[in-house]
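Report on the following structure.
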Amino acid sequence: MHKIHHLSKNSLFVISMLLSLYAIAVSFVAESVGYYPCTLCNLQRAACLAIFFTSTLGMFTTNKKIPYLANQILYIGLSFFATYHLLVRYSLLPDPCKTPAVHPKAEKKTGCSQKFWEPFGIPPQVLTLLIGSTLFTTSILASPKKTKKSQFTDGL
């Protein structure tokens, strides 16, 4: 039924590494242009870095269960931070950055609710939310299904 079941955990780790590197690269490109990250952006960046490191660890260890489960928790965390940031961006939640954080070399102030940069016309929080939720859904669909025999059907 689902063709995603044939994905190995190593390929999921590679996909996780590439997508987290993409998210980190986009954030550093924005920073190099002069938009310094707010607190919520830094939390999303930290989640992406953790996903990258646990995926790297998962590729090179024999027991892949712990990095696999850690990544699933990190995907949920990344999706949560991105959703929260998106709600702050559209003023549905209060801005946790009362005064915008300013980097000493920053040309532009960046607060959590400011709309300043949209790659491909899409807010970066939406891209991060898509990355986190897609990785989580893929990891759930690709996880091997354990079949447990019922005590009532063992004798049949």
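Would you please list the contacts, defined by Cβ atoms under 6 Å and residues six or more apart or on different chains, that run from a residue in the range 112-141 that is over 23 Å from Pro67 (Cβ atoms) to a residue that is modelled with pLDDT under 85 and assigned to a loop (DSSP other than H, G, I, E, B)?
Taking only residues 6 or more apart or on different chains, the pairs are Cys112/Cys38; Cys112/Asp95; Cys112/Pro96; Cys112/Cys97; Ser113/Asp95.
Mind listing just one residue for me: the one in the range 33-77 that is hydroxyl-bearing (Ser, Thr, Tyr) and over 14 Å from Val14 (Cβ atoms) and, of those, surrounded by the fewest Cβ atoms within 10 Å (Cβ to Cβ)?
Taking the candidates together, the pick is Thr62.
Go through the range 65-89 and report how many residues are without any contact (Cβ under 8 Å) to a residue 40 or more places away in the chain and touching a Ser or Thr at 6+ places or on another chain (Cβ under 8 Å).
3
If I ask for residues that are of a type in the set (Phe, Trp, Tyr) and at pLDDT below 90, which ones from the range 42-74 would you list?
Phe60, Tyr68
Output the residues belonging to the range 58-73 that are within 14 Å of Leu18 (Cα to Cα) and of a type in the set (A, V, I, L, M).
If the condition is that a residue be within 14 Å of Leu18 (Cα to Cα) and of a type in the set (A, V, I, L, M), then Met59 is the only one that fits.
Being closer than 21 Å to Ser11 by Cα and at pLDDT 85 or above: is that true of Ala23 here?
It is false that Ala23 is closer than 21 Å to Ser11 by Cα and at pLDDT 85 or above.
Write out, first by first residue and then by second, each pair whose Cβ atoms fall under 8 Å of each other, whose residues are 6+ apart or on separate chains, and whose first residue, in the range 20-43, is closer than 22 Å to Thr134 by Cβ while the second is part of a helix (DSSP H, G or I) and polar (S, T, N, Q).
Cβ pairs passing all conditions: Ser20/Ser55; Ala23/Gln44; Ala23/Thr128; Ser27/Gln44; Cys41/Ser27.
The values are calculated or read from the model by the stated rules, or taken from the named source; none is laboratory data. These numbers come from a predicted model, not from an experiment. When we count neighbours, we look across all protein chains shown, and the Cβ atoms used for this are built from the backbone with ideal geometry, even at glycine.
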